[in-house]
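One structure below.
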Amino acid sequence: MKERVDNERFLQFAGSYLREAFPNPTRTGCPADQELQKLAESPMKADAFLTSHLSCCSPCYSRYAALLEEQKLRLRSGVFARFSAYLRAKPARLAWASATVILLCIGTLLVFVERTPQPTYTAFTLDLRGASEPRGVDHEPQPEIRIPQRPLDLTIHLPLGSKEGRYLVSLQSGQRVVWSHEADARLLDHVTTLEVRADFRSFSVGRYEILLQSGLGRVEYPVQITRP
């Protein structure tokens, strides 16, 4: 009994992870909804492409999970009451088959992670000690800092007078936040410093803004991502 509970918890965790870990806002490479519907109806006939895609696309996995729940409800609704004996077993078989799909997704993900070379992070210092909170529309523009388009171990020197504590660091393009990370600032050699890791390879070359937020304080600084 305990083993069954542990297995159910594992599958719940795996399903939750697949729903959130791989956002795909542009829906790159996503299959048609009809393909996901077919997979929900016959999980044991899973196509290798579909399980591979579901393992790295949270929107498609979430849609598949929703279609699967709809299929289970239809099977339990009594619409096919004349096959009641068959239907009592079918949801269980469907649940078992869907668990198989989840395990296939996880297996594909593990193989992908194992084969994907881990990036090498380069140390980079972002000196924002001269930055200040914007005051009015005529505040003096600040010079851009050039950031290479590569994985970076960022050391951020915060503006003079910044306090230690929790900060939200964000990269913004226009009004859209494209990356953010929370970290604790501490005093190092009399400079309030944040250390964060960021991989900028997926961002287009161009102008952005770095935002620092702590409590009610907010500092913006122009940066430009450049080719390494």
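The values are calculated or read from the model by the stated rules, or taken from the named source; none is laboratory data. This one's a predicted model, so the numbers in the text were calculated from it and none came from an experiment. No Cβ is skipped: glycine too gets one built from the backbone with ideal geometry, and neighbour counts run over all protein chains shown. Surface areas here come from the heavy atoms of the whole protein model, side chains and all, with no ligands, DNA or RNA. Shrake-Rupley method; radii C 1.70, N 1.55, O 1.52, S 1.80 Å.
What accessible surface, in Å², does a 1.4 Å probe find on residue 193, ignoring ligands, DNA and RNA and rounding to the nearest 10?
10 Å²
Please give the contour-minus-distance gain from residue 118 to residue 20: 0.36 nm per residue of separation, less the Cα-Cα distance, rounded to one decimal in nm.
33.2 nm
How large is the accessible surface of residue 201 in square angstrom, using a 1.4 angstrom probe and rounding to the nearest 10?
130 Å²
Please list the non-local residues whose amide H lies under 5 Å from the amide H of residue 185, H modeled 1.01 Å from N, same-chain partners needing a gap of 5 or more.
HN-HN under 5 Å from residue 185: 165, 166, 167.
Starting from the Cα of residue 173, step 7 Å along the direction of its Cβ; do the same at residue 189; then give the gap between the two resulting points in nm.
Reported label-point gap for residue 173 and residue 189 is 3.4 nm.
Taking the Cβ of residue 188 as the center, what net charge do the other residues with Cβ under 11 Å away carry, scoring Lys and Arg +1 and Asp and Glu -1? Don't jump to the answer; show the numbers that get you there.
On the way: positive: 186; negative: 164, 189, 195.
It works out to a net charge of -2.
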